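Q: The structure's right below; bear with me while I get my questions together.
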Amino acid sequence: MDIDETLSGIKLPEYSIAPQDTEAKNPPPGQFPYVRGIYPSMYRRQLWTMRQYSGFSTASKTNQRFHLLLQKGQTGLSVAFDLPTQMGYDSDDSVSFGEVGKVGVAIDTVEDMKLLFHGIHLGEVSTSMTINAPAMILLAMYAVVAEETGVDPSLIQGTIQNDILKEYIARGTYIFPPEPSMRLITDTFEYCSKEFPQFNTISISGYHIREAGSTAIEELGFTLANAREYVRRAIKSGLDINVFGKRVSFFFNAHNDFFEEIAKFRAARKMWANMMKNEFGATDPKAMMLRFHTQTAGSSLTAQQPENNIVRVTIQALASVLGGTQSLHTNSKDEALSLPSEKSAITALRTQQIIAHESGVTHTADPLAGSYHLEWLTLKLEEEAQKLIAEVEEIGVLKAIENGFIQSKISESAYQHEKKINNQERVIVGVNKFEQKENEKLELLKVEDKIALDQIAKIKQIKETRDQEKVDHALKRLAEVAGTEENIFPFVLEAVKLRATLGEICNSLRTVFGIYKPSFTI
Amino acid sequence: MSTSERIRVVIAKPGLDGHDRGAKVVARALRDAGMEVIYTGLHQSPESIVEIAIQEDAHAIGLSVLSGAHNHLFERILEIMKEKAIDDIILFGGGIIPDDDAEILKSKGVAGIFGPGSPLRDIVDFVKGNVKPRM
């Protein structure tokens, strides 16, 4: 079988020649438009942050995993929250039944957040939080923990994902309709630029768009279309592009097609730099530099012959490093079956450490630059993604989400990809070729349902000991302010300090904002 | 079942899980195989899923769960089906479901569990081969 196209369907020539103007278009690393990387000396200056996404069960259990990973050489933290937390429900809500602590850690109040970071200095670690619809509330909890443990909140560092558009598109953990959701995001941008100047207030994510089945072109195009919408909103709400632009970060997927992935990261940097400078008038180079986190592709992992996943992850991680990532999560071999066990999580971290310290790829910035093939593919990715952005722009980003245009494109790509696997046009080792009857039996991580009872008991205890009158007042005040144009962050912060629960705060906002129900189906 | 009757399948996403790539791909494959497929969309309660299946006169319900809440959600739906004395709709599903859990769910009455990498053809054949004819 003879494959002559990338996973996005780009037809590849038998060999590439250098695009004539490569040199002119590709200044060295550290220079606009940063195709070759945002720093001249890249990983010689500083390795990427090794940041394994983790969280399960209770805050105390996850805290143990954090300590283990830090002790094994991880350099940043990344919190996975459970679905009730991501959807703004408390653990004692009836809809949370069976879901508490399953895909991440359960956080109901600031007390849980305190347990989560027990023994970790919030002024010294950088923490990424995969939280979107209720991002403001979780960030407020984090800041309150800093304050109550003696750390100046203005020193906290990290990233909240806070990218609601891709939730409607691909990930599904939305609460409120698009307009009030966008307002929560711009309120967060504004408040943080003053109070938490070292915190990245958004991580615009292509990762989940790709996991939902998009091609690399669609991941790039839709992510940058979303990015443009956030920038427009921020400018409209009066923010300085040179200030908030520096706090925008990105999150991409590293999938199987090695060169296409590297080309994607390079094209993304160029497109963002051009957009910020030429379209929005940014003048501070830092506001034009695309900084990104990468995670290897969860959907590329196979339940069959799971040991093979370590190899897949290595190739994907290498692509992200050759593409110039600022931080990286490497998946564990067992993730097609469950959350990672302790043992497999350590192997995943070790994979990054081997790339960083043994492979030598860190010695020079953008080492593949000038490869005829890669330069050609970088230009091609950019060109194709620009076409897609133009299509979305014609409709309008929010409209293209609300009418399902973007989702339909992604579903179509997912289905075509699956068909190719089924027809053996694309080989997946162990799945449609080189199969084995017996697969290795793994020791999987299991989260017991009974941890929900611990969470419920904790909520009860907090509700009995807090000043209820003050909590009621704070929640009422929050709802009032939500109905105005005033920034609601300080009011969320106040409710959090008084030990209002996540669910209570979200309910208070639900009464004003309403909830989102998609109006289309496939 | 008779060849003249079109198979109707409800593909559902129960609970808070937002991953619907698999659900949509399977829905499309069943549709392409000539079946009528109703996709519920995200965040459905077990009660509403069974209700939809009854209203649509479905032959099968396919659940997609990647959130780890599969034990609770599959069992709750089986329970509601039992309460409503539904014995002509089969329940099957897929997602991130460890083998041990899949075996337990099957012993409780789930007709089939399809994990990652399952060929679409197998799922189509399974539905065709297992749905029960209507009187």
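The values are calculated or read from the model by the stated rules, or taken from the named source; none is laboratory data. Here the structure is a predicted model, which is why all the values come from computation and not from measurement. Don't worry about glycine lacking a Cβ; one is built from the backbone with ideal geometry, like all the others, and counts go over all protein chains shown. Remember, those area values only see protein heavy atoms, side chains included, never the ligands or the DNA or RNA. Shrake-Rupley method; radii C 1.70, N 1.55, O 1.52, S 1.80 Å.
Q: Would you be so kind as to identify which of A:324, A:305, A:274 lies farthest towards the positive end of the dipole of region A:241-390, taking Lys and Arg as +1 and Asp and Glu as -1 on Cβ and the Cα centre as origin?
A: Sorting the options by dipole projection puts first A:274.
Q: Also: Just check region B:8-130 against the gyration tensor rule for me: Cα atoms, a ≥ b ≥ c as the square roots of the eigenvalues, rounded for a/c under 1.5, and otherwise prolate or oblate depending on whether a/b exceeds b/c.
A: rounded
Q: With the cut-off at 1.5 for a/c, could you classify region A:346-437 from its C-alpha gyration tensor as rounded, prolate or oblate?
A: oblate
Q: Still on this structure, I have one more. Which residues among region A:53-83 fall inside the zone where the amide N is under 19 Å from a point 7 Å beyond the Cα of residue A:466, along Cα→Cβ?
A: Backbone N within reach: A:59-60, A:82.
Q: Using a/c under 1.5 as the rounded threshold, could you call region B:2-80 rounded, prolate or oblate? The axes a ≥ b ≥ c are square roots of the C-alpha gyration tensor eigenvalues, and prolate needs a/b larger than b/c, oblate otherwise.
A: Oblate is the answer for region B:2-80, as a/c is 1.5 or above yet b/c matches or exceeds a/b.
Q: Additional query: At a 1.4 Å probe radius, which order do B:63, A:498 fall into by accessible area, largest first?
A: Ranked list, largest accessible area first: A:498, B:63.
Q: Tell me which of A:390, A:189, A:170 sits at the most positive position along the dipole axis of chain A, charges placed on C-beta atoms (Lys, Arg +1; Asp, Glu -1).
A: It is A:189.
Q: Taking a cut-off of 20 Å between Cα atoms, list the aspartates and glutamates near residue A:333, but don't count ones fewer than 8 places away on the same chain.
A: A:211, A:257, A:307, A:342, A:435, A:438, A:440, A:443, B:99, B:100, B:101
Q: Contact order normalised by length for chain B, with contacts defined as Cα pairs under 8 Å and 6 or more residues apart; what percent is it?
A: Rounded, it is 27 percent for chain B.
Q: If A:480, A:504 are ordered by their accessible area, calculated over protein heavy atoms with a 1.4 Å probe, which sequence runs from highest to lowest?
A: Final ranking, largest accessible area leading: A:480, A:504.
Q: Longest segment of chain A with no trypsin sites (Lys or Arg not before Pro) in a DSSP loop having at most 12 other Cβ atoms within 10 Å?
A: A:1-436
Q: Let me ask you something else. Calculate the spin-label point distance for residue A:519 paired with residue A:354, positioning each point 7 Å from the Cα along the beta-carbon direction, and give it in nanometres.
A: Distance between the two pseudo-spin positions: 5.2 nm.
Q: How large is the accessible surface of residue A:389 in square angstrom, using a 1.4 angstrom probe and rounding to the nearest 10?
A: Accessible surface of residue A:389 is approximately 10 Å².
Q: Set the bar at 27 Å for Cα to Cα. Now go through A:517/B:132; A:61/A:286; B:108/B:128 and name every pair that lies beyond it.
A: Distance filter (> 27 Å) returns A:517/B:132; A:61/A:286.
Q: Can you tell me the orientation of helix A:372-395 relative to chain A, as the angle in degrees between its alpha-carbon axis and the longest Cα principal axis, to the nearest 10?
A: 50
Q: Can you give the local net charge around residue A:511? Use residues other than it whose beta-carbon is closer than 12 angstrom to its beta-carbon, Lys and Arg +1, Asp and Glu -1.
A: Residues near residue A:511 contribute 0 overall.
Q: Students often get this wrong, so check it: of A:114/A:470; A:264/A:419; A:114/A:343; A:114/A:264; A:387/A:419, which have C-alpha atoms separated by over 32 Å?
A: Pairs exceeding the cut-off: A:114/A:264.
Q: Sum up the charges of everything whose Cβ sits under 13 Å from the Cβ of residue A:443, counting Lys and Arg as +1 and Asp and Glu as -1, but leave residue A:443 out.
A: -1
Q: Assign unit charges at the C-beta atoms only (+1 for Lys and Arg, -1 for Asp and Glu), then state the dipole size of chain A relative to its Cα centre in Debye, rounded to the nearest 20.
A: In debye, rounded to 20, chain A gives about 660.
Q: What chymotrypsin sites (Phe, Trp or Tyr not before Pro) in region A:358-466 are in a loop by DSSP, with at most 12 other Cβ atoms within 10 Å of the Cβ?
A: When the chymotrypsin sites (Phe, Trp or Tyr not before Pro) of region A:358-466 are filtered for loop state and at most 12 Cβ neighbours within 10 Å, A:434 remain.
Q: Something else: To the nearest 20 debye, what is the magnitude of the charge dipole of region A:343-443 about its Cα centre, counting +1 on the Cβ of each Lys and Arg and -1 on the Cβ of each Asp and Glu?
A: 440
Q: So who's got an amide H within less than 5 Å of the one on residue A:126, skipping anything under 5 residues away but keeping other chains? H placed 1.01 Å off N, in plane.
A: A:77
Q: Here's something else I'd like to know. Which of the aspartates and glutamates could a cross-linker span from residue A:460 if the Cα-Cα distance has to be under 14 Å and same-chain partners fewer than 8 positions apart are dropped?
A: Hits, sequence-local ones excluded: A:90, A:92, A:93, A:108, A:111, A:112, A:504.
Q: Can you give the calculated 222 nm mean residue ellipticity of the protein assembly as shown, where each DSSP H run of n ≥ 4 adds -39,500 (n - 2.57) and the sum is split over every residue, rounded to the nearest 500 deg cm²/dmol?
A: -14000 deg cm²/dmol
Q: Now, a different point. Run the dipole for region B:8-130 about the Cα centre, Lys and Arg Cβ at +1, Asp and Glu Cβ at -1, nothing else charged, and hand back the magnitude in debye, nearest 20.
A: That gives a dipole near 340 debye.
Q: Can you sort B:43, A:255 by solvent-accessible area, 1.4 Å probe, largest first?
A: From most exposed to least exposed: B:43, A:255.
Q: Same structure again: For all pairs of alpha-carbon atoms in the protein assembly as shown, what percent lies in each bin of width 20 Å, listed from the first bin to the last filled one?
A: For the protein assembly as shown, the binned pair fractions read 19, 55, 25, 1 percent.
Q: Top mean-square fluctuation among B:107, B:45, B:67, Gaussian network model of chain B, C-alpha springs under 10 Å?
A: Fluctuation is largest for B:107.
Q: Sticking with this one: Please give the net charge around residue A:453, taking every other residue with its beta carbon less than 12 angstrom from that of residue A:453, where Lys and Arg add +1 and Asp and Glu add -1.
A: Charge balance near residue A:453 sits at -1.
Q: Region A:208-285: which GluC sites (Glu not before Pro) are DSSP loop and have at most 16 other beta-carbon atoms within 10 angstrom?
A: Loop-located and lightly packed - none at all.
Q: Kindly report, to the nearest 10 Å², the accessible surface of residue B:37 as traced by a 1.4 Å probe over protein heavy atoms only.
A: Residue B:37 has an accessible surface of roughly 20 Å² with all protein chains in place.
Q: Could you report the accessible area of residue B:124 in Å², rounded to 10, computed with a 1.4 Å probe on the protein chains as they sit in the structure?
A: Surface accessible to solvent at residue B:124 totals approximately 20 Å².
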